[in-house]
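All remarks here apply to the structure that follows.
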Amino acid sequence: MHPSASTDPTVVRISSPADILGVLPHRLGFHPRESLVVVCLEGARRRDRLVMRADLVPSAHDDAVVDDLVARAEHAGATAAVLVCYTEAPAEPGEGLARTGLVEALGDRFEAHGINVVEALLVRDGRWWSYLCDVESCCPLSGSPLPAELSPAAAHYAAEAVAQGRSVLADRDELERGITPSDHAVAVAVREQALAAAGDELMQAVGSGGLEEASRRTVARVRRLVATQAAGGCAVEASDAAFVALGLRDRRTRDEVMTLVLDHEPGVLVGLFSELARRTGDVDAAPVCTVLAWAAYADGGGALAAVAAERALRCEPGYRMAELVLDGLSRMVPPSAIRDMTADVRAELETRAGD
């Protein structure tokens, strides 16, 4: 199971299945497949506070999925929820709608914990059904076609997402591919050549001014790239990607770069470090992917934060900051808290610099 969570400050009034199904891909950043999505709502006005997604697993493990999602929803302070199951698998004999057992078990547990399930939907083969309603006039037994066009509420949300630089990918795998470098022989050779040159440049910096000079040059390079990204962006050169990847090996430098989310829209750093991750081989990718995960988390992009942190840990098992990102996601730490922690990190770095 790959649970992920996403929060978003965009305000849109959602009042129908068409609204829900139109908004969710934009909330997650990709079209979910073989997934159970839980929209956690809070308060009398049922404000959307958190969206959780978990991979569907064999029904024998439903109890574990339910336990996990209930704990997360309670931690998020949910008082109501919307459930959406995306699957192409057929229903089991006597089940009715596919994954009815899982949805009912989760709904029962939610209700027992004071979380009212206001809607539960199945999406399958281009159609949707309600697990809660069997009134033929609104929820026919044959299902309803997915809307050909976004509802007004979903269209408004999509426009806001595009304005903030977000896009909807085909699936989570595409999200992973978006931060994975090419393994083509030419691309590998270019990276290796750039790494050799960057290593020489950093060694010269150390020779002239010690680790502090190497750190200063790395942060300056990142600031220049961020400014370019904020101004409209351009392709990141292999030399820049290699220099940043090697420079971020110093954890103090990495931490200082992470604090740039306080100075710019997090989406700017997300765009830049996604490109840097695509240009960095696995040997050197853990720090780059971790900065990306941190920026994505601060921007409310839980799915990308999880994917980036997972790649960091595949590249370097035990990489502590990536583990902290995943731990924060699992405990539903809100993006606002990530920004507060970042401010604390900056204050600590400034204190050390003054000693």
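Counting neighbouring Cβ atoms within 10 Å and putting the fewest first, the residues Asp171, Asp63, Asp48 line up as Asp63, Asp171, Asp48.
DSSP beta bridges confined to segment 4-171 are antiparallel in about 75 percent of cases.
I'd like the FRET efficiency for Ala71 and Asp108, computed as 1/(1 + (r/R0)^6) with the beta carbon distance as r and R0 of 22 Å, rounded to 0.05.
Values: r = 15 Å, r/R0 = 0.70.
E between Ala71 and Asp108, to the nearest 0.05, is 0.90.
The candidate values were (1) 267; (2) 153; (3) 219; the one computed from these coordinates for volume of the Cα convex hull per residue in Å³ carries the label (2).
With a simple spin-label model that places each label point 7 Å from the Cα along the Cα-to-Cβ direction, the separation between Glu174 and Ala227 comes to 3.5 nm. Just checking the listed ones, Arg45, Arg278, Arg124: in the Gaussian network model of the chain with Cα springs under 10 Å, the one fluctuating most is Arg45.
In whole percent, what relative contact order does the chain give with Cα contacts below 8 Å and a gap of six or more residues?
17
Summary value for segment 261-355: 27 percent relative contact order, contacts being C-alpha pairs under 8 angstrom separated by 6+ residues.
The order of Asp68, Asp200, going from fewest to most other C-beta atoms within 10 Å of their C-beta, is Asp200, Asp68. By the beta-carbon count within 10 Å of each Cβ, the least crowded to most crowded order of Cys40, Cys234, fewest first, is Cys234, Cys40. Say a paramagnetic label sat at a point 7 Å from the Cα of Asp263, along Cα to Cβ; which residues of segment 216-244 have their backbone N under 11 Å from it? Counting only backbone N, you get 219-227.
Rule-based calculations on the coordinates, nothing more; no lab input. Just so it is clear, the structure is predicted and the values come from calculations on it, not from any experiment. Every residue, glycine as well, gets a Cβ built from its backbone with ideal geometry; the counts of neighbours run over all protein chains shown.
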